[in-house]
Amino acid sequence: MGLRDVFLGWPVVKQLTGNDPLGRGLAAQSDRSAALRPRTATADRVVQSVCPYCAVGCGQRVFVKDEKVIQIEGDPDSPVSRGRLCPKGSASEQFVNGPRRITTVRYRRAHGTEWEDLPLERAMDMIVDRVLETRERTWQTEFEGKRVNRTLGFASLGGATLDNEENYLIKKLFTALGAIQVENQARI
């Protein structure tokens, strides 16, 4: 590349001699920047999601390549956030792919000081056993002479990012178990 090519490739010269007098288009573009492609262009698919970090429920587009999240951006189709994300929502990809992210079930026994890893199936069985035991122990058939068929032994507090269908299923599950204290964070 000669001196003349370097001079003609200089953005100011391209701006003054070309069709881009304000220098906001081709005059400002280098060969390197012209070759750049967004990382989202390589995604196999895009999944719509909801940001899990607060009660707002901003829409997200999750870009996936080879079953790995490669980028998370705001969803412009979301009526809640219209494509915008706060700093935490914008950093979601780092939370998903961060090297310090815990991806196993961690359990600390009562009065214990150390955490241990558990298989998911065992942790789920422990939860089921505790729910059923608590329900059996705290079940009330009658209260003050009235039939109630309930338990006050456990409750449900749903997260604000759950959608209507998820909240409906949670309400049905806890009602079927006899719980009457079913609430959602979004209402509090």
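Under a Cβ-only charge scheme (Lys and Arg +1, Asp and Glu -1), can you give me the dipole magnitude of the chain about the Cα centre, in debye to the nearest 20?
Here the size comes out at about 420 debye.
When the chain is fully extended, how far beyond the present Cα-Cα distance does Glu166 get from Ala35, taking 0.36 nm per residue of separation?
Between Glu166 and Ala35, full extension yields 42.8 nm more.
Can you figure out the FRET efficiency of Arg137 with Phe95, using R₀ = 25 Å and their beta-carbon distance, to the nearest 0.05?
After rounding to 0.05, the efficiency reads 0.05.
Which residues' amide hydrogens lie under 5 Å from the amide hydrogen of Val148, considering only partners 5 or more residues apart or on another chain, with H built in the peptide plane?
Those qualifying (amide H under 5 Å, at least 5 residues apart or on another chain) are Glu142, Phe143.
Take Ala110, project a point 7 Å from its Cα along the Cβ direction, then tell me which residues of region 154-185 have their backbone nitrogen under 18 Å from it.
Only 154-155 pass the distance filter.
Which far-off residues, 5 or more places away or on another chain, put their amide H under 5 Å from the one on Gly158, with H placed in the peptide plane?
Amide H to amide H, under 5 Å and 5 or more residues apart or across chains, Gly158 pairs with Glu183, Asn184, Gln185.
Report the full-extension gain for the segment Ala55 to Arg122: residue separation times 0.36 nm, less the Cα-Cα distance, to one decimal in nm.
21.0 nm
Asn149 to Arg82: extension gain in nm, 0.36 nm per residue of separation minus the Cα-Cα distance?
Here the segment from Asn149 to Arg82 would lengthen by 19.6 nm.
Based on the alpha-carbon gyration tensor of region 84-188 and its eigenvalue square roots a ≥ b ≥ c, which shape applies: rounded if a/c is under 1.5, prolate if not and a/b is larger than b/c, or oblate?
Judged from the Cα gyration tensor, region 84-188 comes out oblate (a/c at least 1.5, b/c at or above a/b).
If I compute volume of the Cα convex hull per residue in Å³ from the structure I just sent, which labelled value in [x] 238; [y] 224; [z] 305 lines up?
[y]
Under the rule a/c < 1.5 gives rounded, and otherwise a/b versus b/c splits prolate from oblate, where does region 140-188 land using the Cα gyration tensor?
prolate
The numbers here are math on the coordinates, done by the rules we state, and not lab data. What you see is a predicted model, and the numbers here were worked out from it, not measured in a lab. With ideal geometry, Cβ positions are generated from the backbone for all residues, glycine too; neighbour counts draw on all protein chains shown.
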